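Okay, so here's the structure we're looking at.
The values are calculated or read from the model by the stated rules, or taken from the named source; none is laboratory data. If you're wondering where the values come from, they're calculated on a predicted model, not measured in any experiment. Cβ coordinates were reconstructed from backbone atoms using ideal geometry, including for glycine residues, and neighbour counts include every protein chain displayed. Surface accessibility is based on the protein's heavy atoms, side chains included, excluding ligands, DNA and RNA. Shrake-Rupley method; radii C 1.70, N 1.55, O 1.52, S 1.80 Å.
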Amino acid sequence: MITDALVHLDLIAQSTKDFAVRNIHPYVREWDEAQIFPVEVFQQMGQLGLMGVLVPELYGGAGLNYAAYVTAIVEISKVDGSIGLSMAAHNSLCTNHILQFSNEEQKHHYLPKLATGEWIGAWGLTEPNTGSDAGNMRTTAIQDGDYWVLNGSKNFITHGKSGNIAVVIARTGEPNTRDNASAFIIERGTPGFSAGRKEDKLGMRASETTEMIFQDCRIHKSQMMGKVGEGFKQALAILDGGRISIASLALGIAQGAYEAALQYAKERQQFGRPISDFQAIQFKLADMATEIEAARLLTYNAADLKDRKQPVSKAAAMAKYYASEVSVRVANEAVQIFGGYGYTKDFPVEKYYRDAKLCTIGEGTSEIQKIVIGREILR
Ligand SMILES: Cc1cc2nc3c(=O)[nH]c(=O)nc-3n(C[C@H](O)[C@H](O)[C@H](O)COP(=O)(O)OP(=O)(O)OC[C@H]3O[C@@H](n4cnc5c(N)ncnc54)[C@H](O)[C@@H]3O)c2cc1C
């Protein structure tokens, strides 16, 4: 049984890697420099099952588990963290929210399009004034007969412009009260819904990040997911799973940076021998390999708990916190091993270094992960 599962993951890793090497690797630098969000690549990924990894076959998805999902994100992110981030946001946030909390009609309508990559999904929780403190949101939805009218804005939204649909959490109750938010599915082109500024980012530049603006945006009540007031609780549950995907993203970036540095250390000669002969470099590689292995174990542990439908908040926060900090440390050491060449765009490590930093911020900063872990262990 265990062997079967490993063979299965090996196959997923190999086919995802082949895809990434063929369809992503040749364009990484161009997309990064020009901040190009390559929509067609996500459509190709959809044909491979990578845009609906967790979606049951009934709704057009690949019907795989979290361990498979982690494996696929790692392989994509080894080649380009931006594509890994967009894959994670589409699968874990938008698609998974609909999978977990919508009714059958909504599922049948939206999931096949999302799972096949025909449509790209966005998920809007963060606002200009409320990031970590997301419960304090200002975007409101006011009921008007059979409609809800949304006003406000969301920022830092992955696919906020190119997404065909967005899952949006808006306040439907009084500020600072319990259960005061609800979740809506909003299609692009709905009057009153538009994209604002696209962010010019340090890293993850091929993953589109924009504002979403709502001005008297009327949404039929059938577009709400679950019941009035359930939105914030739904969002927290979605973030638990999402954090496993950001841990996987961080792991892939770290692994990519480490492999590049290992190879370079064996090739680069100084003082008449490869720099890998120097113990200072060996110790760096040893630390990198050890921390990556620990991050991998935490990430697959969280995935395993999720697959066995066990509580996952603590494990997902630990995996996300540790893997993202490791990713930053490993990418930093990779640049150091490359020396001056690491600081140029001729080698891939400067990009790993820029991309890795997002992992300590998105879907809850490292500080917020420690708050979640602390709360869970003191329960
Ligand atoms: C590239 C990118 C993509 C993103 N995609 C999405 C998306 O698709 N959908 C979405 O909804 N959001 C998205 N986000 C938003 C992201 O989740 C937030 O940026 C993140 O949650 C942090 O919020 P903030 O930026 O407002 O920082 P703040 O909350 O202002 O935090 C600033 C600093 O204060 C610290 N801090 C805050 N509160 C506390 C506390 N109580 N205790 C200790 N320290 C604290 C933080 O850790 C951080 O160091 C994205 C962000 C980026 C950069």
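Okay, residues lined up against (1) within 21 Å of ILE368 (Cα to Cα); (2) of a type in the set (Gly, Ala, Ser):
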| residue | (1), (2) |
| --- | --- |
| LEU236 | yes, no |
| ILE246 | yes, no |
| ALA261 | no, yes |
| GLU267 | no, no |
| ASP277 | no, no |
| PHE283 | no, no |
| LEU298 | yes, no |
| PRO311 | yes, no |
| ALA315 | yes, yes |
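The set of residues from the range 230-239 being out of contact with any strand residue (DSSP E or B) (no Cβ under 6 Å at 6 or more places or on another chain) and either at pLDDT below 95 or farther than 24 Å from LYS357 by Cβ (or both) comprises GLU230, LYS233, LEU236, ALA237. Does the range 164-187 hold any residues that are assigned to a strand (DSSP E or B) and open to solvent by 10 Å² or more (accessible area, probe 1.4 Å), and which are they? Of everything in the range 164-187, those that are assigned to a strand (DSSP E or B) and open to solvent by 10 Å² or more (accessible area, probe 1.4 Å) turn out to be ARG171, GLU187. Put simply, of ILE98, ILE83 the only residue that is in a helix (DSSP H, G or I), within 16 Å of the ligand (Cβ to nearest atom) and more than 23 Å from ASN23 (Cα to Cα) is ILE98. Of the residues examined, ASN176 is not one that is within 12 Å of the ligand (Cβ to nearest atom) and modelled with pLDDT under 95.
Only residues that are open to solvent by less than 20 Å² (accessible area, probe 1.4 Å) and within 12 Å of the ligand (Cβ to nearest atom) were counted in the range 133-154, giving 4.
Screening the range 337-379 for residues that are within 12 Å of the ligand (Cβ to nearest atom) and without any contact (Cβ under 8 Å) to a residue 12 or more places away in the chain and picking the one that is most open to solvent (accessible area, probe 1.4 Å) gives ARG375.
Can you find, within the range 188-211, the residue that is nearest to the ligand (Cβ to nearest atom) among those that are open to solvent by less than 60 Å² (accessible area, probe 1.4 Å) and either part of a strand (DSSP E or B) or without any contact (Cβ under 8 Å) to a residue 40 or more places away in the chain (or both)? So the residue we want is THR209. Restricting the first member to the range 274-295 and to residues that are surrounded by 14 or more Cβ atoms within 10 Å (Cβ to Cβ), and the second to residues that are of a type outside the set (Val, Ile, Thr) and outside any helix (DSSP H, G or I), the beta-carbon pairs closer than 7 Å and six or more apart or on different chains are PRO274/ARG268; ILE275/ARG268. Look at SER313 and say whether it is touching a residue at least 12 places away in the same chain (Cβ under 8 Å), within 11 Å of the ligand (Cβ to nearest atom), farther than 16 Å from SER248 by Cβ and small (Gly, Ala, Ser). The answer is no for SER313. Only a single item in (1) touching a residue at least 60 places away in the same chain (Cβ under 8 Å); (2) in a loop (DSSP other than H, G, I, E, B); (3) among the hydrophobic types (A, V, I, L, M, F, W, C) is not met by VAL53, and it is number (1).
Taking the criterion of being among the small types (Gly, Ala, Ser) and either modelled with pLDDT of 95 or more or surrounded by 14 or more Cβ atoms within 10 Å (Cβ to Cβ) (or both), the residues of the range 1-40 that qualify are ALA13, SER15, ALA20, ALA34. If you go through the range 115-132 and keep only what is within 12 Å of the ligand (Cβ to nearest atom), more than 16 Å from GLN234 (Cα to Cα) and in contact with a strand residue (DSSP E or B) (Cβ under 8 Å, 6 or more places away or on another chain), you end up with GLY121, GLU127, PRO128, GLY131.
The conditions of being under 30 Å from ASP200 (Cβ atoms), assigned to a helix (DSSP H, G or I) and either among the aromatic types (Phe, Trp, Tyr) or open to solvent by less than 90 Å² (accessible area, probe 1.4 Å) (or both) are met by VAL328. Taken as a whole, the condition of being open to solvent by less than 10 Å² (accessible area, probe 1.4 Å), touching an Asp or Glu at 6+ places or on another chain (Cβ under 8 Å), away from the ligand (no atom under 12 Å from the Cβ) and part of a helix (DSSP H, G or I) does not apply to ILE246.
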